[in-house]
Structure formats: C-alpha cells, structure tokens
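Reading through the structure tokens given below for one structure.
Derivation of every value follows stated rules applied to the coordinates shown; laboratory data play no part. Keep in mind that what you see is a predicted model, and the values were worked out from it rather than measured. Because the Cβ atoms are built from the backbone with ideal geometry, glycine has one as well, and the counts that use them run over all protein chains shown.
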Amino acid sequence: MDTSSNGDADGDADVRLRAYEPDDEAALWALKERFERELGALGGEEKSAAYDGKLTAAYERRYREWVTRCTEREPGCVIVAERDDKDRNKTGTGDDGNDWNATGTDVSDEGDANNGTDALAGYVFVLPEVFSLVWDSAVVNELYVREVFRGTGVADTLIGSALDHARGQDLPLRRVVLDVDPGNERARAFYRRHSFENWSEMVAREL
C-alpha cells in the first residue's frame, strides 16, 4: 500500500467528491501513473527506474481490472475529486507559490489535458472490507492529488471521505492504516496533522 499526499488545508479548490465510476477509468489511471512515478523518484535513481519500469501495459491492465473488481465488490471504496471545467484552464500553484511535484520539480498538466484524462484533481482508494484481515484494520491504499491542487484542501477532503468510508466497514480493530514513504516529509506531516501516528515499521526484501 503506497499512500502519498501532497495537499494542505490552505487555499480553495472548486472540486466535487464522488464515488468512482467506470467512465473515470482512464483519468484515474493518469493519476495513478503520476503517483507511481513521483513515489519512485523519492527513493533515488534505482527506485525511480524500478517504478518507471513496472508501468507497463500489462500493469496498467491489471490495475484497471483491480479497481473494477474492488469498486464492484464495495462501491465507494475509490473516491475521486472531480475538477470543475474552469479549473482545467488555470495555472495552479501549491502553497509554496510553485506548481511542483513530490520531487520538487516543476510539472504541467498539458499531457493529460491533451489526451482528455485531466478530469480528476485527485483520488483516494480504501481497500474493500474483505481485505481488512490482512492488517486487522481498514487500509488506505492510495491517496494522490494532482500537482496544481496541492495546498488547496483537496487532500483534506479526500482523507476525510476515506475515513468516513472506513468507519462503515466491519473491522477486527477500529483502526485505519497506511504506508508513507520515509522520504516524503510533506506527506508525513499531512498525516500527522490528521492524527495518524507511527504504529509499526514495514520491511521488505527482493524475491
């Protein structure tokens, strides 16, 4: 579960939160792809190359099918922030005055705008209740906000909606967990502000 947030409570964004719909598939994938590339870049060249390398056509197909299965099993487990049409033409900035991403580099929405996949400002993905026995908890699997909407409060509304959804699940423990990259201090500060605390440490090895 990779969960990266780069939003703060400052500012104002004209977006509408709603449950994911099948017509959102391409726009959601556009955000997922950005999310994975930014997450990889936080870990240096080796991790960045690994994350870029996994974004194959087969991975995209599996992810889209995974989202379909999850949302069919539990509608509302993926919540999207739909941007207002006028927002698509703006040059947005974060709270630091720049249009930036998790790596600190300037970015643009032009690519997504050109192929029509810029309809969403962000999304949050709560794993369906059936997976709660993995951690005995609700799991926020992914949270991502498009660069120009960081610092506008979109991430705050998304995590709030995710918590509301998780509260409706039948859980062994009344707890929600997520994973934050240790190099993403902005995301870590965001979750601390929403009362998340260090609970455990994840370790990994190559197979």
Projecting the Cα atoms of Ile159, Ala204, Phe131 onto the charge dipole of segment 129-207, where Lys and Arg contribute +1 and Asp and Glu -1 at Cβ, the residue farthest towards the positive end is Ile159
Taking Glu142, Glu82, Glu206 and counting other beta carbon atoms within 10 angstrom, the fewest-first order is Glu206, Glu82, Glu142
Filtering trypsin sites (Lys or Arg not before Pro) in segment 119-174 by DSSP loop and by at most 15 other Cβ atoms within 10 Å leaves Arg174
Cα pairs beyond 21 Å in segment 120-194, in percent, come to 27 percent
Exposure proxy check on Tyr123, Tyr51: fewest-to-most Cβ neighbours within 10 Å is Tyr51, Tyr123
In segment 157-207, the chymotrypsin sites (Phe, Trp or Tyr not before Pro) that sit in a DSSP loop and have at most 13 other Cβ atoms within 10 Å of their own Cβ are Trp199
